[in-house]
Amino acid sequence: MASEISSRQARIERNTLETQIQIEIDLDGSGCSRFQTGVPFLDHMLDQVARHGLIDLDIHAVGDLHIDAHHTVEDIGITLGQALAKSLGDKRGIRRYGHAYVPLDEALSRVVIDLSGRPGLVYEVDFSRAMIGAFDVDLFQEFFHGLVNHAGMTLHIDNLRGTNAHHQAETIFKAFGRALRMAVEPDPRMAGMTPSTKGAL
């Protein structure tokens with residue numbers, strides 16, 4: 001990670017009695033990632049976001065995993081949302097909207113993003129099983145709730161089909177990365193302009 005923080009980079013630290021989290025993000029990265037969260041399957045999913053979103057991510061988390069992964073996963077979502085909001089600044093010149101369909105074998109997911117400043121999550125995912133290894137799939141919704149609330153993002157996630165829960169999850173996170181990449185991209189026709197008739201996002 002670059003040591004200098006520009007308007008498209010951010011470093012956020014969030015400490016509570018349940019978790020201590022540090023995140024660095026570079027929206028103009030190359031998909032490099034480094035994770036140390038104690039939740040391996042979440043690390044695998046976040047790697048998809050970085051790689052397919054061409055976003056550099058460095059996430060370190062220490063949480064109360066002796067209880068379960070809930071607080072850690074949710075708080076990583078919160079902190080990542082804060083980092084996204086900070087790195088986007090006033091959002092001038094970005095595309096604002098992003099969307100992606102991603103397949104993996106039998107699974108197919110669609111993700112649509114609006115960097116509207118208004119938090120909202122529509123999450124239509126029916127996983128084929130409750131656990132992927134040691135990971136409780138219910139925690140994905142908690143992760144995305146935390147993220148949208150603190151990023152100021154409207155996010156629609158639809159798993160359109162799938163029978164393998166790992167494939168379902170992977171298509172969701174890959175599609176999220178691709179949609180986010182589109183939404184945060186500079187739009188040369190919007191240079192210096194806010195992508196809203198209100199004049200602010």
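Each row is one residue, and each column tells you yes or no for (1) crowded, with 16+ Cβ neighbours inside 10 Å; (2) within 18 Å of A69 (Cβ to Cβ); (3) of a type outside the set (S, T, Y).
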residue	(1), (2), (3)
V137	yes, yes, yes
F140	yes, yes, yes
V148	yes, no, yes
H156	yes, no, yes
R161	no, no, yes
F173	yes, yes, yes
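The numbered conditions (1) of a type outside the set (D, E, K, R); (2) crowded, with 17+ Cβ neighbours inside 10 Å; (3) on the phi < 0 side of the Ramachandran plot are all true for L17 except (2).
The rows are residues; the columns are (1) acidic (D, E); (2) in contact with a Gly (Cβ under 6 Å, 6 or more places away or on another chain).
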{"site": "L46", "(1), (2)": "no, no"}
{"site": "H52", "(1), (2)": "no, yes"}
{"site": "H60", "(1), (2)": "no, no"}
{"site": "I67", "(1), (2)": "no, no"}
{"site": "E74", "(1), (2)": "yes, yes"}
{"site": "K86", "(1), (2)": "no, no"}
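It is to be established whether one or more residues within the range 173-184 are at positive phi, touching a residue at least 60 places away in the same chain (Cβ under 8 Å) and not in a strand (DSSP E or B). For the range 173-184, residues at positive phi, touching a residue at least 60 places away in the same chain (Cβ under 8 Å) and not in a strand (DSSP E or B): absent. Selection of the range 102-153 for residues being of a type in the set (V, I, T) and assigned to a strand (DSSP E or B) yields V102, V111, V112, I113, V122, I132. Number of residues in the range 25-67 that are in contact with a His (Cβ under 9 Å, 6 or more places away or on another chain) and charged (D, E, K, R): the value is 2. Of all the residues in the range 132-164, those that are farther than 18 Å from L180 by Cα and touching a residue at least 24 places away in the same chain (Cβ under 8 Å) number 13.
Scan the range 156-165 and tell me whether some residue there is in a helix (DSSP H, G or I) and either touching a helix residue (DSSP H, G or I) at 6+ places or on another chain (Cβ under 9 Å) or of a type outside the set (K, R) (or both). Yes, because at least one residue in the range 156-165 is in a helix (DSSP H, G or I) and either touching a helix residue (DSSP H, G or I) at 6+ places or on another chain (Cβ under 9 Å) or of a type outside the set (K, R) (or both).
Taken together, the values in this text are just the output of simple stated rules run on the coordinates, not laboratory data. Since we're looking at a predicted model, the values are computed, not measured. Please note: Cβ atoms are built from the backbone with ideal geometry, for glycine as well, and neighbour counts cover all protein chains shown.
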